[in-house]
Amino acid sequence: MSTGAIVAIVIAVILVAAIVALIIVGKKAQKKQEEQQVQLDAMKQTLTMLIIDKKRMKLNESGLPQSVIEQTPKLLRRSKLPILKVRVGNRVMSLICDEKIYDQVPVKKEVKASVSGIYVTEVKGLHGKVQAPEQKKGFFKNLVAKAQEKAGAKMVK
């Protein structure tokens, strides 16, 4: 066999092994996430809260209790998380928001939210519906829209 064929076979075997390893790790991670979701659903409470502020900030700067910060892995402490500053009753607290609903959370409005520990999983409007914010246009879409407007063409959605 030529050296080129041997190198190609070795690379193919390594790629197949890497794909199999990723599939196994992915299934384990999915199973672990499903178990955590079951725990979140079991601990869920519905609270009425006023959302004061929402930001993406590092865990160390978020104002969460020190015990929560110590329990998180060191790599996650530097990553930015969606943090909500809310008032429940007469207490002001910092809560972690689910990434899926972060954009839907209204600021300075009273909402009913499903909370599991310090994790907000769902938000419903108390007075009316919670509206999703408008999607921001990209740089090139803005340029095209301005050019069409100057040319007198109708806006294309």
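No value in this document is a laboratory result; all are computed from the given coordinates. Bear in mind that the values here come from a model prediction, so they are computed numbers and not experimental data. Backbone-built Cβ (ideal geometry, glycine too); neighbour counts: all protein chains shown.
Within the shell of other residues whose beta carbon sits under 10 angstrom from the beta carbon of Ser116, the net charge comes to -2, with Lys and Arg scored +1 and Asp and Glu -1.
Our coupling estimate for segment 81-98, obtained by passing each phi through the Karplus curve with A = 6.51, B = -1.76, C = 1.60 and θ = phi - 60°, is 10, x, 10, 10, 9, 10, 10, 10, x, 10, 9, 9, 9, 9, 10, 8, 9, 5 Hz, Gly and Pro reported as x. Listed from fewest to most Cβ neighbours within 10 Å, the set Met57, Met93 follows the order Met57, Met93. Only Lys, Arg, Asp and Glu carry charge here, each on its Cβ (+1 for the first two, -1 for the last two); on that basis the chain has a dipole of about 620 debye about its Cα centre. Quarter the surface of the alpha carbon convex hull of segment 69-112 and you get the mean projected area, 4.1 square nanometres.
Temperature 25 °C, viscosity 0.890 mPa s: under these conditions the Stokes-Einstein estimate for segment 1-75, based on its Kirkwood radius over C-alpha pairs, is 138 µm² per second. The calculated P(r) of segment 45-125, using every Cα pair and 5 Å bins from 0, goes 3, 16, 28, 27, 16, 8, 2, 0 in percent. Think of it as helices only: each DSSP H run of n ≥ 4 in the chain is worth -39500 (n - 2.57), and spread over all residues that comes to -13500 deg cm²/dmol at 222 nm.
Summing Cβ point charges (Lys, Arg +1; Asp, Glu -1) relative to the Cα centre of segment 45-125 gives a dipole of roughly 220 debye. Once backbone amide H atoms are built at 1.01 Å from N, Ser116 has Gln45, Thr121 as its partners under 5 Å, excluding neighbours fewer than 5 places away on the same chain.
As a rough guide to protection, the peptides 111-118, 100-107 ranked by mean Cβ packing within 10 Å, highest first, stand as 111-118, 100-107.
The overall shape of segment 37-87 is oblate: from the C-alpha gyration tensor, with semi-axes ordered a ≥ b ≥ c, the ratio a/c is 1.5 or greater and a/b is no larger than b/c.
Using every pair of separate Cα atoms, the Kirkwood estimate puts the hydrodynamic radius of the chain at 20.0 angstrom.
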